[in-house]
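Every number here is computed from the coordinates shown, using simple stated rules; none is lab data. These figures come from a predicted structure and were not determined experimentally. Here the Cβ is made from the backbone with ideal geometry for all residues, glycine too, and neighbour counts use every protein chain on show.
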Amino acid sequence: MNSLQSRVQLFAAIEGGSIYWSNEIATLGSDAVLEKILDNGYREEKNSIGYIAKVIRSYNSNQLLVEIEDAGADFITPDSKNWPPCLNDLVAPPIGVIVKGTLNTSNKVSIVGTRNPTSYGIRIASEFAAGFADREWTVISGGAYGVDTAAHKGALAGEGITYAVLASGVLVNYPAANDRLFSEISESGALISEVMPSVRAKPERFLSRNRLIAALSLGTIVVEAAFRSGSLRTARDAAEIYRTVMAIPGPITSPTSDGCHRLIAERCAEIVTSANDAIELMSPLAGTLSSDESR
């Protein structure tokens, strides 16, 4: 069995973001970890090993790879030529990712925020995304309603490229109303997922996918976010791997800007008011992640 085969079997059975399994694979290699699981080499109570072994025994690697191919997607791993090495900066790098579309080597920025933005938040997310697209930056977001959707649409309106990092499989249009948007994204950019193509989203996957959004980008911009928000998690994920974190201020009376003001007040984020501001802040990193991707 080669690394691609063992990784796709582990990928289909293990939830993304597991530090334990990431460390096991980094230490032993995917072939050895798979063999150890199938030989009952792990304690039964360890990291849902019973469920993981059951899933692995349910499908062989060829079945899984055909399922991915039939979805019009590719399964890439750290051994793939187009693997983004920036993902290796994470404490729990992915076992692999499924990509529907094309990855590129341009500089990248993530734009995230609330699912319930104000008209101000929608306008700012769209304008910033279009501004980055005009400067040939790829815009990354999570495909959700609200700020994510505005960012994707702004990049496309600016004739740019955008990636959507999903909490579901690439065949699951979640949210359903973004069906057409996802199709447009995959034509020039990419849908990226850490689960098999037909797997539905679960609440915890939104948090684990946020780390991928942060890692793929030179910096993360929070447009609007409540005081407690998944977008703040993305910002903190970005800070942990030394990416630039930025926030856009809003009215002091607006609850949707509380999270942005919190990041700024705690000196976790820099204030930005334009795409040029953001690019200047990210300039020390500009070109580094993209050049790594071309190796």
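For the reader, a short list of remarks on this structure follows.
- Whole-Hz Karplus values for segment 82-88 come out as 9, 5, x, x, 4, 5, 6 Hz, taken residue by residue from phi with 6.51 cos²θ - 1.76 cosθ + 1.60 and θ = phi - 60°; glycine and proline positions read x.
- Relative contact order of segment 3-78, pairs being alpha-carbon contacts under 8 Å that are 6 or more residues apart, as %: 44 percent
- Amide H partners (placed H, <5 Å) of Val245, local residues excluded: Thr220, Glu270
- The lysine pair tally for segment 1-153, using Cα distances under 20 Å and a gap of 8 or more places or different chains, is 8.
- For segment 108-293, the Cβ-based charge dipole about the Cα centre amounts to some 640 debye (Lys, Arg positive; Asp, Glu negative; other atoms uncharged).
- Beta bridges per DSSP with both ends in the chain, % antiparallel, nearest 5: 25 percent
- Other-chain or far-sequence residues with amide H under 5 Å of Gly143's (modelled H): Val165
- The string of couplings for segment 233-247 from the Karplus curve (6.51, -1.76, 1.60, θ = phi - 60°) is 5, 4, 4, 6, 4, 5, 5, 5, 10, 6, 8, 6, 10, 10, 9 Hz, one whole number per residue in order, with x for Gly and Pro.
- GluC sites (Glu not before Pro) restricted to DSSP loop in segment 32-126 with at most 13 other C-beta within 10 Å: Glu44, Glu45
- Dipole of the chain computed with +1 at Lys/Arg Cβ and -1 at Asp/Glu Cβ about the Cα centre; of Ile264, Ala278, Ser183, farthest Cα towards the positive end is Ile264.
- Rg/Rh, computed from the Cα trace of the chain with Rh as the Kirkwood radius, has the value 0.98.
- Per-residue ellipticity at 222 nm from helix content only, as computed over the chain with -39500 (n - 2.57) for each DSSP H run of at least four residues, stands at -13500 deg cm²/dmol.
- Computed from phi, the 3J(HN,Hα) profile of segment 179-191 under the Karplus parametrisation 6.51, -1.76, 1.60 (θ = phi - 60°) reads 3, 5, 4, 4, 5, 5, 4, 6, 5, 10, x, 7, 9 Hz, with x in place of Gly and Pro.
- Computed from point charges on the beta carbon alone (+1 for Lys and Arg, -1 for Asp and Glu), the dipole magnitude for segment 47-183 about its Cα centre is near 300 Debye.
- Relative contact order (%) - segment 108-293, alpha-carbon pairs under 8 angstrom, separation at least six: 20 percent
- Tail fraction, Cα-Cα pairs, segment 62-152, threshold 17 Å, whole percent: 61 percent
- Euclidean distance of C-alpha centroids, segment 92-112 and segment 169-240, integer Å: 10 Å
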